[in-house]
1. Quick check: is even one residue across segment 140-152 within 23 Å of F24 (Cβ to Cβ), surrounded by 12 or more Cβ atoms within 10 Å (Cβ to Cβ) and at pLDDT 95 or above?
2. Being of a type outside the set (K, R) and within 30 Å of Q158 (Cα to Cα): is that true of T16 here?
3. Just to be sure I understand the filter: pairs with C-beta atoms under 8 Å, separated by 6 or more residues or on different chains, first member in segment 23-47 and modelled with pLDDT under 95, second member aromatic (F, W, Y). Which pairs pass?
4. Determine whether P76 is within 25 Å of F24 (Cα to Cα) and open to solvent by 50 Å² or more (accessible area, probe 1.4 Å).
5. Against the condition farther than 22 Å from L31 by Cα and within 11 Å of ligand 1 (Cβ to nearest atom), how does A129 come out, does it pass?
6. If a residue must be touching a residue at least 40 places away in the same chain (Cβ under 8 Å) and surrounded by fewer than 19 Cβ atoms within 10 Å (Cβ to Cβ), how many such residues does segment 107-125 contain?
7. Among what's in segment 81-106 and is within 11 Å of ligand 1 (Cβ to nearest atom) and of a type in the set (D, E), pick the residue that is most open to solvent (accessible area, probe 1.4 Å).
8. Filter segment 48-71 for residues that are among the charged types (D, E, K, R), touching a strand residue (DSSP E or B) at 6+ places or on another chain (Cβ under 7 Å) and in contact (Cβ under 8 Å) with a residue 40 or more places away in the chain and give the result.
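The values are calculated or read from the model by the stated rules, or taken from the named source; none is laboratory data. Note that the structure is a prediction, hence the values are computed from the model and not measured. Don't worry about glycine lacking a Cβ; one is built from the backbone with ideal geometry, like all the others, and counts go over all protein chains shown. The area values use the complete protein model at the heavy-atom level, side chains included, leaving out ligands, DNA and RNA. Shrake-Rupley method; radii C 1.70, N 1.55, O 1.52, S 1.80 Å.
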Amino acid sequence: MALLKVLEFPDARLRTKASPVTEFGPPLSGLVRDMFETMYAAPGIGLAATQVDVHQRLLVLDVSKNRDEPRVFVNPQFTLLDQECAENDEGCLSVPGFYESVVRPQNISVTAQNEHGEGFNLEAHGLMAVCIQHEIDHLNGKLFVDYLSSLKRERIRQKLKKQRKLDA
Ligand code: GNR
Ligand code: NI
């Protein structure tokens, strides 16, 4: 097991568009295991492979209270079930310490494969729907700060820069 390093905004590697996963097997399972370990340790409710500098279409999440419902989505795609949107505070392990309100669709249908390559479909609502969209954004090189005003985004960039200087 290994904790993976999480890339932080404004690292250009977070802007990479991930490629479809085509190889299922032990290396993928090892990556999934390490991503869960990293996500639970952070702690976070989701993690996209992009954040650990692996540019493949893979995400893990666990939005349960007891942290006992791990879910893996390989090559995920989603469609909107309706037009209902809501505002939620979002955070991101790649933008540590910042929480800002983002408006997103609340009801989606998701198609993906599991870590063995078997297809599945599910409906997601509320926090789970938000989290899946946040993670798929990562796979497309997009961050939640992209939904904020450029002024807010630049303030966050400056504060993170200062914080990293203090941490160094
Ligand atoms: O841990 C996380 N919490 C969170 C809260 C609201 C909306 C999305 C998220 S995902 C985030 C972990 C993360 O950065 N995933 O990419
Ligand atoms: Ni994130």
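1. yes
2. The answer is yes for T16.
3. none
4. Considered against the rule, which asks whether it is within 25 Å of F24 (Cα to Cα) and open to solvent by 50 Å² or more (accessible area, probe 1.4 Å), P76 comes out as no.
5. yes
6. Counting residues in segment 107-125 that are touching a residue at least 40 places away in the same chain (Cβ under 8 Å) and surrounded by fewer than 19 Cβ atoms within 10 Å (Cβ to Cβ) gives 5.
7. Among them, the one singled out is D89.
8. Within segment 48-71, the first condition is being among the charged types (D, E, K, R), and the residues that meet it are 53, 57, 62, 65, 67-69, 71.
Subset that is touching a strand residue (DSSP E or B) at 6+ places or on another chain (Cβ under 7 Å): 57, 62, 71.
Correct list: R57 only.
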